Amino acid sequence: MSEWQDLVTASLIGTERAEVPAPAVPGLPVRADAVPGDPAALLLDRAALLTVARRGGTLIRPAGSGGEAQPLPAAEPDPAPAVSPAAGSRLDRMLGGEHPDLLAEWLTAAVAHSRRVPPRLLPALLDRVRRVSPSDPELRRLSAEAGGARARWLARLNPDWTFVTALTESGDDTWRLGGKSQRRGYLAALRARDPAAARELITQSWAAAGPERVMFLSVLANQGLSLADEPLLEAALDERDAEVRGWAAHLLARLPGSALGQRMARRAAGCLRIDRGVHGARLIVTPPADCDAAMRRDGVTSRRGGGPAEMDGRTHLLHEVLARTPLRTWTGQFGRTAEQILAVPSDAWAPVLFTGWSRAAMAQRDQDWMTALVDWALAGGPTGTLFGAETLRQLARRADPARCARETTARPAAEIPLPIRDAISVLRFRYDMLKELEL
Amino acid sequence: MEIIPVRAPALAIRGADGGSLPLHPGAGDCWPLFALSGGHPVTLAGEWTPRGLWPLTAWDEAGRAVPL
């Protein structure tokens, strides 16, 4: 830089009074001796030479010249292969903002097929997961697993991504001494490896856990929930902390075989019946009369909080009970499949039945019902209400896209309502996504 | 060229002979390049500028071009 300044200064003073400086150009000998000829031309020549030299590029610093580049430790090879190129480019698009809410499903499928995230996408993935993960610790675990050895290698270089190694390299000390998020990571990893051991650890730690009980239950919710967890959850229904009770009721409702499920089935059984009249079968609905203490213990809320505003009290109760009733209650009681039950006209009750059954189907991971409900909605079923549209949005993200209808034939393309168009696009996206991950 | 990206003392690429060339400061963290390399040699094309090398494209193990 100063060489350029020297030339500028000399040109401002004038070559009659100033000596023309001889700038050093790397790789060229310095010509300090007097050069015959016009000093002004010489100055311009040297300025031109220096300009070219500066535009030419940095020089390679040879080995042994000091301040040497420190080689990084090489990442260990990963036995698992990367996902297919199509799946990789879809992940790239998702990280760029296309259906980012399906990221967890992409990662889960990749982990299930023992495939790895392509290395080039790891930085964007880890950045995204770091930004959203306080609200979704499960995403951290999934990305660490799908990222494999290369993600662990990167995490050692960038302190922002330490969550990757924190999860995989934690020992028993983490559980005794770690902070809440580390303990959560440890428990979630244990749950993924050995659900029974995690349940045992929760049972042992329960009494002393205090506010961490909610965290315990959320770990149970993410993985491997089974009837073996029921005694723990049933006991938690009598906890003082309302949030713990809510979680326990929510998890028990996901297990169709639980005692809570049987209690709900008894409450629900009288609410619906099929009347075979002269004009064909009709679904007759009688909502529950009121919400007693036993129902509240099982997580039913009598107030409308969280429910749709347009429902009155009894309709809301029906919705709450339906959402927690094992779906096989209905197929058993009516002797019909989910599709056949949904085909029975239910008139004004259809929106409540749709949302209630949808919540039950999603909670119980019942693909038969989810498929039937999505097909019902796409064929013009009751998604007109705001709540119905939101329910369809969630169904489209959970139902098996290979089994559902992925188009609607009910009306001309221009008249398809937005929620249905959105559901179709999500189902198609997921269908392609899961296919690509199988390649 | 076949290089290994390095981080210390500054972001740079290192050739097989141990010679090194800084990465352009404006190119940012270059994390995708590091992720691709994993500390192993990687083929890289870039623009050799007065302030260092601006990485443009690298090739992954399968030989596919990855824009950086």
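State whether the residues of the stretch A:384-395 include one that is more than 22 Å from the chain's Cα centre (by Cα), within 17 Å of A:Leu102 (Cβ to Cβ) and not polar (S, T, N, Q).
The initial filter retains those residues of the stretch A:384-395 that are more than 22 Å from the chain's Cα centre (by Cα), namely A:384-388.
From the residues that got through so far, the ones that are within 17 Å of A:Leu102 (Cβ to Cβ) too are none.
Scanning the stretch A:384-395 turns up no residue that is more than 22 Å from the chain's Cα centre (by Cα), within 17 Å of A:Leu102 (Cβ to Cβ) and not polar (S, T, N, Q).
Just one of the numbered conditions (1) among the hydrophobic types (A, V, I, L, M, F, W, C); (2) surrounded by 15 or more Cβ atoms within 10 Å (Cβ to Cβ); (3) facing chain A (nearest Cβ under 8 Å); (4) in a strand (DSSP E or B) is not true of B:Trp48; which one?
(2)
This table checks each residue for (1) facing chain B (nearest Cβ under 7 Å); (2) buried (at least 17 other Cβ atoms within 10 Å of the Cβ); (3) in contact with a Cys (Cβ under 7 Å, 6 or more places away or on another chain).
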position: A:Leu50; (1), (2), (3): no, yes, no
position: A:Ala63; (1), (2), (3): yes, no, no
position: A:Ala86; (1), (2), (3): no, no, no
position: A:Ser89; (1), (2), (3): no, no, no
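Can you work out which of the residues in the stretch B:10-45 that are more than 25 Å from A:Arg156 (Cβ to Cβ) and in contact with a strand residue (DSSP E or B) (Cβ under 9 Å, 6 or more places away or on another chain) is nearest to the other protein chains (Cβ to nearest Cβ)? Write out each step before concluding.
Filtering the stretch B:10-45 down to residues more than 25 Å from A:Arg156 (Cβ to Cβ) leaves B:17, B:19, B:26, B:45.
Next, only the ones that are in contact with a strand residue (DSSP E or B) (Cβ under 9 Å, 6 or more places away or on another chain) stay: B:19, B:26, B:45.
Details: B:Gly19: 4, B:Gly26: 13, B:Ala45: 15 Å.
Taking the candidates together, the pick is B:Gly19.
What is the number of the single condition among (1) over 30 Å from A:Phe429 (Cα atoms); (2) in contact with a Lys or Arg (Cβ under 9 Å, 6 or more places away or on another chain); (3) within 12 Å of chain B (Cβ to nearest Cβ) that A:Trp153 does not meet?
(2)
For the stretch A:215-245, which residues satisfy the criterion of being surrounded by fewer than 18 Cβ atoms within 10 Å (Cβ to Cβ) and in contact with an Asp or Glu (Cβ under 6 Å, 6 or more places away or on another chain)?
If the condition is that a residue be surrounded by fewer than 18 Cβ atoms within 10 Å (Cβ to Cβ) and in contact with an Asp or Glu (Cβ under 6 Å, 6 or more places away or on another chain), then A:Asn222 is the only one that fits.
Looking at the stretch A:426-433, is at least one residue within 30 Å of A:His316 (Cβ to Cβ) and assigned to a helix (DSSP H, G or I)? Full working, then the answer.
The initial filter retains those residues of the stretch A:426-433 that are within 30 Å of A:His316 (Cβ to Cβ), namely A:426-427.
Retained after the next criterion (residues that are assigned to a helix (DSSP H, G or I)): A:426-427.
Checked the stretch A:426-433: at least one residue is within 30 Å of A:His316 (Cβ to Cβ) and assigned to a helix (DSSP H, G or I).
Tally the residues that are at negative phi and at pLDDT below 75, restricting the search to the stretch A:28-61.
So the first thing to find is which residues in the stretch A:28-61 are at negative phi, and the list is A:28-36, A:38-56, A:58-61.
Next cut, at pLDDT below 75 only: A:28-36.
Number satisfying all stated conditions: 9.
Among the numbered conditions (1) surrounded by 14 or more Cβ atoms within 10 Å (Cβ to Cβ); (2) touching a Leu at 6+ places or on another chain (Cβ under 9 Å), tell me where B:Leu56 comes up short.
Among (1) surrounded by 14 or more Cβ atoms within 10 Å (Cβ to Cβ); (2) touching a Leu at 6+ places or on another chain (Cβ under 9 Å), B:Leu56 violates only (1).
Each row is one residue, and each column tells you yes or no for (1) at pLDDT 85 or above; (2) assigned to a strand (DSSP E or B).
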| site | (1), (2) |
| --- | --- |
| B:Ile3 | yes, yes |
| B:Pro22 | yes, yes |
| B:Phe34 | yes, no |
| B:Trp54 | yes, yes |
| B:Thr57 | yes, yes |
| B:Ala62 | no, no |
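Could you please give the count of residues in the stretch A:142-172 that are part of a helix (DSSP H, G or I) and modelled with pLDDT under 75? Break it down into steps so the answer makes sense when it comes.
In the first step, residues of the stretch A:142-172 are kept if they are part of a helix (DSSP H, G or I); the result is A:142-157, A:159-161, A:163-168, A:172.
Subset that is modelled with pLDDT under 75: A:166-168, A:172.
Going through the stretch A:142-172 one residue at a time, the tally reaches 4.
Go through (1) within 7 Å of chain A (Cβ to nearest Cβ); (2) closer than 15 Å to A:Pro71 by Cβ; (3) at pLDDT 85 or above one by one and return the number of the condition B:Arg7 breaks.
The single condition B:Arg7 does not satisfy is (3).
Hey, among B:Asp29, B:Asp17, which residue is among the charged types (D, E, K, R), under 20 Å from A:Gly57 (Cα atoms) and not in a strand (DSSP E or B)? Outline the logic, then answer.
Values: B:Asp29 fails: under 20 Å from A:Gly57 (Cα atoms).
None of the other options fit; the residue is B:Asp17.
Those residues that are facing chain A (nearest Cβ under 9 Å), closer than 19 Å to A:Pro119 by Cα and touching a residue at least 24 places away in the same chain (Cβ under 8 Å), I need them from the stretch B:51-68; list them, please.
Within the stretch B:51-68, B:Ala58, B:Asp60, B:Val66, B:Leu68 meet the criteria.
So, in the stretch A:268-291, how many residues would count as being touching a strand residue (DSSP E or B) at 6+ places or on another chain (Cβ under 9 Å) and among the acidic types (Asp, Glu)? Break it down stepwise before answering.
Applying the first criterion (touching a strand residue (DSSP E or B) at 6+ places or on another chain (Cβ under 9 Å)) to the stretch A:268-291 yields A:271-276, A:281-286.
Subsequent filtering for residues that are among the acidic types (Asp, Glu) retains A:275.
Of the residues in that region, 1 qualify.
Name the residues in the stretch A:119-139 that are assigned to a helix (DSSP H, G or I), under 26 Å from A:Ser218 (Cα atoms) and either more than 15 Å from the chain's Cα centre (by Cα) or at pLDDT below 85 (or both), would you?
If the condition is that a residue be assigned to a helix (DSSP H, G or I), under 26 Å from A:Ser218 (Cα atoms) and either more than 15 Å from the chain's Cα centre (by Cα) or at pLDDT below 85 (or both), then A:Val132, A:Ser133, A:Pro134, A:Ser135, A:Pro137, A:Glu138 are the ones that fit.
Is it the case that the stretch A:99-113 has a residue that's modelled with pLDDT of 90 or more, part of a helix (DSSP H, G or I) and within 14 Å of chain B (Cβ to nearest Cβ)?
Taking every residue of the stretch A:99-113 in turn, none turns out to be modelled with pLDDT of 90 or more, part of a helix (DSSP H, G or I) and within 14 Å of chain B (Cβ to nearest Cβ).
In the stretch A:197-222, which residues are polar (S, T, N, Q), under 21 Å from A:Gly179 (Cβ atoms) and touching a residue at least 24 places away in the same chain (Cβ under 8 Å)?
We begin by selecting, within the stretch A:197-222, every residue polar (S, T, N, Q); these are A:203-205, A:218, A:222.
The next check asks that each one be under 21 Å from A:Gly179 (Cβ atoms); those that pass are A:204-205, A:218, A:222.
Passing the criteria: A:Ser218, A:Asn222.
The values are calculated or read from the model by the stated rules, or taken from the named source; none is laboratory data. Predicted model only: the values in this text are computed from it and were never measured. Don't worry about glycine lacking a Cβ; one is built from the backbone with ideal geometry, like all the others, and counts go over all protein chains shown.
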